[in-house]
Amino acid sequence: MQRPFSDPTEALETVWGYKSFRGQQEEVIRTVLQGRDALVLFPTGKGKSLCFQIPALCLDGLSIVVSPLVALMHDQVEDLKALGVAAACLSSAQSDEQNAEVRRRLHAGELKLLYVTPERIVLPSFQNMLGRTTVSLICVDECHCVSTWGNNFRKDYLALGTLKTLFPGVPRIALTATADPHTREDIIRLLDLGDAKVFVDSFDRPNIYYEIVERSNGRQQLLEFLNKFEGESGIVYCLSRNKVEETCNWLNEQGFRARYYHARMEPELKAEVQEAFRMEEGLCLVATVAFGMGINKPNVRYVAHLDLPASVEGYYQETGRAGRDGLPSSTFMTYSMQDIVQRHRMIEENAESSDETKRIERAKLNALLAICETAGCRRTAILSHFGERFSQRCGNCDTCRQPVEQWDGTDAAIKALAAVYRTGERFGTGHLIDVLIGKETEKTQKFGHTAFPVFGAGREHSVQTWQSVFRQLLAFDHIGIDHGNYGAVVLRESAADVFKKRCQVIFRKDKTRADRKAARA
Ligand code: ADP
Ligand code: ZN
């Protein structure tokens, strides 16, 4: 049986071979060792695992770790075993013999860490099985899974609210890389962590440059971005498998060394591509978001998104794969009105999601769009989403390097909304723009729109400007898209405030190609 370490630093050096703790690791560990509950909100890669693994090695008895995914559990256990730590897991993925052996070691007092799923830890049979084992620490990993606000809600996590009563007096530590205030409140409430000491590490990644642009010619824009990174490795994310494969082929034609990765590939091929990405330099990996979990390549120099990510969290996680080595790295995203429309449709047409789920998804999309459309610093916008204040301009994002021009678009917004209203909320943006600029087409004539007062009322702006106006009105939620009616633009509640001039509408001026080039240089 392993004797507990008397000192956390000794465990760190002896078992992991690391010289010192990072960030707030030591404070977390001391808090837990004093018997107090802790909630740890650190971004990925900041070393959350040691925050419970080291206390486990310093305490008498057993520490139980709850983890949502069996695969994740097995990986951690294998890593610990390789370091000589007495860790094991109980899971339905193991054979009965394997689980019986784990139970034997547990009863013999040989185990320091036991990994289990949330459904198992609350079972009476599990309590019985523990018998007289001293449980010294309970750890809830990926604790954001308890919140419906997150993307990874797990119903089984709700039962973990009873851990405090099931294991009275046993300190609990909950950890996650999701720190937005809403999720944080859910975690504290649902896991009964009101008395826990909360540790938050900054989510800022100062070496990452953020750039988000309106898509005009996506491929050309990508080329311009990639040209800076000759001989460097990076990731290009696309939404669909088709687009992944097409983009990869096209990049190879353009003389890049590109490979692709998505969930539908054979496991051997996936492993080969992952290994190639890890080992080789100068490889461009075109992938769906399936790629990245557990990728720990330190010198990823760029991450590009050709489609809107799923959420701000997704954007942060995916861009966060760049520059783990701390050296300057760039991220780039293109998006368009079409992306917003498509995302709205996916939310509305998902038959499996409840109204509540849809409401949350809409709010998350809006949070992402707010970052896309901000005229302020991107970093400030991203960090404020995670409840972090970052008051100065960062100087390392597109809007800081080249401030966005803004214009008072109240009149333009009113005209655009009037065009929607007067034509009966039945038409898409293409037609609405024709009406605004007074373009006589078959359709404007057929519907008699040429005779409307709004016809030609927006001649002072170009088609591009009107596209930008509609995109931003959609992002601000002043208009919506009726997917049941061929994507017709409809008015949202807040449109009334604009009509009545109760709010000023400030638009950002879309940047030109030359603007973007100058900012990156
Ligand atoms: P997280 O769970 O927060 O994403 P991990 O626990 O996986 O992060 O740690 C990320 C990496 O940092 C791992 O390779 C881990 O071994 C390493 N690490 C953690 N703490 C330290 C430390 N104090 N010194 C050196 N390396 C560390
Ligand atoms: Zn900035």
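On the stretch given as segment 344-355, residues that are without any contact (Cβ under 8 Å) to a residue 40 or more places away in the chain and more than 19 Å from residue 307 (Cα to Cα) total 6. Looking only at segment 80-115, residues that are within 18 Å of residue 54 (Cα to Cα), under 30 Å from the mean Cα position of the chain (by Cα) and surrounded by fewer than 20 Cβ atoms within 10 Å (Cβ to Cβ) come to 0 in all. Select from segment 17-31 the residues that are of a type outside the set (D, E, K, R) and under 22 Å from residue 171 (Cβ atoms) and write down the one among them that is surrounded by the fewest Cβ atoms within 10 Å (Cβ to Cβ). My answer is 23. Among the residues of segment 328-358, those identified as over 30 Å from residue 433 (Cβ atoms) and not hydroxyl-bearing (Ser, Thr, Tyr) are 328, 351, 352, 355, 356. The criterion of at least 1 residues that are touching a residue at least 24 places away in the same chain (Cβ under 8 Å), of a type in the set (Val, Ile, Thr) and under 27 Å from residue 325 (Cβ atoms) is met by the following strands (runs of 3 or more DSSP E) wholly inside segment 198-309: 208-214, 233-237, 284-287, 300-305. I'm checking my understanding of the structure. Among residues of segment 116-139 that are assigned to a strand (DSSP E or B) and under 30 Å from the mean Cα position of the chain (by Cα), which one is nearest to residue 101 (Cα to Cα)? So the residue we want is 116.
Residues in segment 319-331: is at least one of a type in the set (D, E, K, R) and either within 16 Å of ligand 2 (Cβ to nearest atom) or over 17 Å from the mean Cα position of the chain (by Cα) (or both)? Yes, that holds for at least one residue. Considering only residues that are among the hydrophobic types (A, V, I, L, M, F, W, C) and surrounded by fewer than 17 Cβ atoms within 10 Å (Cβ to Cβ), which ones fall in segment 215-238? Correct list: 223 only.
When 59, 39, 50 are checked against the criterion of being more than 10 Å from ligand 1 (Cβ to nearest atom), over 19 Å from residue 122 (Cβ atoms), at pLDDT 95 or above and in contact with a Phe, Trp or Tyr (Cβ under 8 Å, 6 or more places away or on another chain), a single residue qualifies: 39. Comparison of 375, 363 shows that the only residue that is part of a loop (DSSP other than H, G, I, E, B), away from ligand 1 (no atom under 16 Å from the Cβ) and surrounded by fewer than 16 Cβ atoms within 10 Å (Cβ to Cβ) is 375.
When residue 395 is tested against (1) under 20 Å from residue 508 (Cβ atoms); (2) crowded, with 21+ Cβ neighbours inside 10 Å; (3) not polar (S, T, N, Q), just one condition goes unmet, and that condition is (2). Looking across segment 444-463, the residues that are within 42 Å of the chain's Cα centre (by Cα) and without any contact (Cβ under 8 Å) to a residue 40 or more places away in the chain come down to 454, 459, 460, 462, 463.
Just one residue in the set 271, 276, 263 is small (Gly, Ala, Ser), surrounded by fewer than 19 Cβ atoms within 10 Å (Cβ to Cβ) and touching a Ser or Thr at 6+ places or on another chain (Cβ under 9 Å); that residue is 263.
The values are calculated or read from the model by the stated rules, or taken from the named source; none is laboratory data. Fair warning: this is a prediction, and the values are worked out from it, not measured in the lab. So basically every Cβ, Gly included, is an ideal-geometry build from the backbone, and we count neighbours across all protein chains shown.
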